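J.: Before I ask anything, here is the structure I am working with.
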Amino acid sequence: MIGPSRSRALRAVLLAGALAIVSGAAALAGQPAAPGAPGGPVAGEVRGLNGGASPGTRLVAAPPPPPPEVGTSLSPPTSKRVTDRSSFSGTWDRYQRGNPAPPTPPPAAGPPPVKPEIKAKIDAAQKALADAAARYEPIATDAVDCLPEGFPGMMNAIFPIEFLVTPGQVTIIEEAFNQVRRIYIDEPQGKIGDVEPVWFGHSVAKWEGDTLVIDTIGVKEQAKFRNIPHSDNMRITERMKLLSPDFLQDEMTIVDPEVFTEPWKLTFTYRRNPGYKIQEYICEAPRIYRDENGTTRLRTN
């Protein structure tokens, strides 16, 4: 695994990938584009926070580490870890494939059930992005402006993610952009319209046995997940629980009647990364910037 000595070069590569264009079809399908397909990865290319790579860019990263042997435990075996709520605490990586596998593998994400008129707008926006990229004038994204992914994007956990369980609060920290989300336990939720919209929303939660049930409203409209817009009325419910000592599951349901025809359900699964310490990630004096026309440019001096 990539330990605390994660190189600045790799960080720069992944940040550069954040500026790329996401395939419209892949975004709407909720899946990355297939290798070799338009917008899909090619050999030697590194995908970043938004899943793309700038045109003409060939970025090479170190080969992935070998997966642990089947049956290898990532933490000391103890049944207490599964039921003790404090066992959420620790550093995690989003599980995608490999061994050891979770007891219940995450289901494949289905396409977001967006309304036809919303899909048409998304398709038009994606075409504009693709056309600009084809001209080697990529439209600048929020990452160019050093803005965070926000919620729910940060739960995609491209970089390691840390959970801290303390009395009355669960704090979630993603290494990328030092994003911090605070979830308040047993506090009343505000009313939509009264809560100030912010990047990570206003989250309150309660414990139902060993499951943390979270309710989030008030996500800033600029915080788009997979380039899909949302309204002020969006509400996200999560059910987090440990599947085993080493695997944490987050079942997410996104409800937004102005955008979706039905609730959009997603499942993220995380694998414990014991001993890893979240590193500082500051978007500082980037070589890429937004020019006066909203185009991504690269400083050469």
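The values are calculated or read from the model by the stated rules, or taken from the named source; none is laboratory data. Remember, predicted model here, so these are calculated numbers, not experimental data. Heads up, the Cβs are rebuilt from the backbone with ideal geometry, glycines too, and the neighbour counts pull from every protein chain shown. What goes into the accessible areas is simple: the full protein's heavy atoms, side chains included, and nothing from ligands, DNA or RNA. Shrake-Rupley method; radii C 1.70, N 1.55, O 1.52, S 1.80 Å.
J.: Look at residue 253 and say whether it is under 19 Å from the mean Cα position of the chain (by Cα), closer than 28 Å to residue 125 by Cα, open to solvent by 20 Å² or more (accessible area, probe 1.4 Å) and at pLDDT 95 or above.
T.: So residue 253 fits the description; yes.
J.: Note down all Cβ pairs under 8 Å where the first residue falls in region 77-100 and is among the small types (Gly, Ala, Ser), the second is modelled with pLDDT under 80 and exposed (fewer than 13 other Cβ atoms within 10 Å of the Cβ), and they're at least six residues apart or on different chains.
T.: 87/80
J.: Within region 209-219, is even one residue open to solvent by less than 10 Å² (accessible area, probe 1.4 Å), in contact with a strand residue (DSSP E or B) (Cβ under 8 Å, 6 or more places away or on another chain) and acidic (Asp, Glu)?
T.: No, region 209-219 contains no residue that is open to solvent by less than 10 Å² (accessible area, probe 1.4 Å), in contact with a strand residue (DSSP E or B) (Cβ under 8 Å, 6 or more places away or on another chain) and acidic (Asp, Glu).
J.: Tally the residues that are among the acidic types (Asp, Glu) and touching a strand residue (DSSP E or B) at 6+ places or on another chain (Cβ under 7 Å), restricting the search to region 264-300.
T.: Matching residues across region 264-300 total 1.
J.: Related question: Considering only region 147-204, how many residues are open to solvent by 40 Å² or more (accessible area, probe 1.4 Å), hydroxyl-bearing (Ser, Thr, Tyr) and in contact (Cβ under 8 Å) with a residue 12 or more places away in the chain?
T.: Count: 1.
J.: Counting only residues that are open to solvent by 40 Å² or more (accessible area, probe 1.4 Å) and aliphatic (A, V, I, L, M), which one in region 279-301 is nearest to the chain's Cα centre (by Cα)?
T.: 282
J.: Looking at 124, 109, can you tell me which residue is more than 29 Å from residue 284 (Cβ to Cβ), in a loop (DSSP other than H, G, I, E, B), at pLDDT below 95 and not hydroxyl-bearing (Ser, Thr, Tyr)?
T.: Sole residue among the options that is more than 29 Å from residue 284 (Cβ to Cβ), in a loop (DSSP other than H, G, I, E, B), at pLDDT below 95 and not hydroxyl-bearing (Ser, Thr, Tyr): 109.
J.: Separate question: Return the residue satisfying two criteria in turn: it lies in region 136-145 and is surrounded by 15 or more Cβ atoms within 10 Å (Cβ to Cβ), in a loop (DSSP other than H, G, I, E, B) and not β-branched (Val, Ile, Thr), and of such residues it is modelled with the lowest pLDDT.
T.: Result: 140.
J.: Scan region 227-236 and give yes if some residue there is of a type in the set (Gly, Ala, Ser), surrounded by 19 or more Cβ atoms within 10 Å (Cβ to Cβ) and on the phi < 0 side of the Ramachandran plot, otherwise no.
T.: no
J.: Let me ask another. Looking at 120, 133, 125, can you tell me which residue is buried (at least 19 other Cβ atoms within 10 Å of the Cβ) and hydrophobic (A, V, I, L, M, F, W, C)?
T.: Only one candidate passes the filter, namely 133.
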